[in-house]
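Right, one structure below, let's go through it.
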Amino acid sequence: MVIVRPLFAGDAYRTEVWISDDALAAIEKYVRKKENPRGFLLKKLKHYAMNGFENYVGSDKPIRHEWDGVYRIGHDNNLFRVLGFFDGRGDGIFISADAYLKRGQDLSAADRRRINAVARIKAEGTWRKASDDD
């Protein structure tokens, strides 16, 4: 079971972003050690959430559909990727289950396994929002 917690949630956001502990840890590590300029990724994620992810989805945009309902968020200036899916009730809640730094431009076998793992979480419903007990 993947537990997700709010990263950007509430009335200020057209698309809420909920994130797993593993994905958040990967983002924090990337921001701390590799990202230049610092804070760019989280600033962009917040911007997308405030304006609605639907405005940034497309083959030539930063949020792209991979397959089986999995979307990746990335930018041309780096290889860091956030993987997730919409919760099934439209595009108002995005569930980020994984995040990682790719090794190259093309999708490797390891990249495809990560996308398939997120697709499995979505298909099997093996995620839930954190409660006060978590």
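Read the figures in this text as sums done on the coordinates, not as results from a lab. Source: prediction; values computed, not measured. Cβ placement follows ideal geometry from the backbone for every residue including glycine, while neighbour counts extend to all protein chains displayed.
Helices in the chain that qualify as membrane-span-like (whole DSSP H runs, Cα extent of at least 15 Å along the helix axis, mean Kyte-Doolittle hydropathy of -0.5 or higher) are 21-33, 40-51.
If R₀ is 25 angstrom, what is the calculated FRET efficiency for the pair SER131 and ASP106, using the beta carbon separation as r and rounding to 0.05? Step by step, r from the Cβ atoms, then E = 0.05.
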